[in-house]
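Please read the structure below before turning to the comments.
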Amino acid sequence: MTLRIEKADEIGLCFGIRRAIGILERVALKRGGVETLGAVAHNRQVLQRLAEIGVRVANSVDEIQGNTVAISSHGVSPQLVEEIRARHIDIIDTTCPFVHRAQMTAQRLAESGFFVIIYGDANHPEVKGVLGWAKGKGIATLDERFIAGLDHLPHRLGVLSQTTQIPAHFTQFASKLVETAFTKDSELCVIDTICYDIRKRQEAALELAKR
């Protein structure tokens, strides 16, 4: 019996992770090692390979031992950046450009008077970081019913997504917000911040699943 394995057209590490790894490899080889604030990827083999060239993981600011630290591709909040710099620690920023776009979107919405709603896992490092750019004017959730149940929900809502969420699910979330959270004079601004690279991978996986 022959076993046939077929892979999706888009597979492997995403653009943001590959970019971050490239930066860390160059810095580690040049300096003889570097620390990262949090793991750069959820991949044991990648982390092992990076450890072999001197990339060490600090799980918190208090664990940073040197005078330089790399921020992972997930990004961090501006408050955490200030905390690091206050300790006179230099920062190497490997934040994924797609995550950075989400951060700037959250900041722009908050500064424009919108209450920011992030469709995503509230405990994920990326989401925590993006939420920080809203400067206390937002929340993260995967359940639109949680939004509808809030007391004194603002009339102006700015909605964006964690970069790795499924596009169709984000669309459903935004549609349900219109049904459940809208009241008189409400305003809803929905911005697509899902990573283009992730979108292609999800489409390729769905196409393969059909076969």
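Does ALA51 satisfy being open to solvent by 20 Å² or more (accessible area, probe 1.4 Å), among the small types (Gly, Ala, Ser) and not in a loop (DSSP other than H, G, I, E, B)? Criteria met by ALA51.
Scanning the stretch 5-12 for residues that are buried (at least 16 other Cβ atoms within 10 Å of the Cβ) and over 27 Å from TRP133 (Cα atoms) turns up at least one hit. Residue count for the stretch 61-92 satisfying the condition of being farther than 16 Å from VAL27 by Cα, touching a Leu at 6+ places or on another chain (Cβ under 8 Å) and of a type in the set (S, T, N, Q): 1.
Taken residue by residue, the stretch 139-152 has no member that is part of a helix (DSSP H, G or I) and within 26 Å of CYS14 (Cβ to Cβ).
Counting the residues of the stretch 177-202 that are part of a helix (DSSP H, G or I) and in contact (Cβ under 8 Å) with a residue 60 or more places away in the chain gives 6. For the stretch 67-116, a tally of residues being crowded, with 16+ Cβ neighbours inside 10 Å, of a type in the set (S, T, N, Q) and more than 27 Å from HIS155 (Cβ to Cβ) returns 4.
The values are calculated or read from the model by the stated rules, or taken from the named source; none is laboratory data. Keep in mind it's a predicted model, so treat the numbers as computed, not measured. Methodologically, a virtual Cβ is constructed for each residue, glycine included, from the backbone with ideal geometry; neighbour enumeration extends over all protein chains shown. We work out accessible area using only protein heavy atoms, side chains counted, and drop any ligands, DNA or RNA first. Shrake-Rupley method; radii C 1.70, N 1.55, O 1.52, S 1.80 Å.
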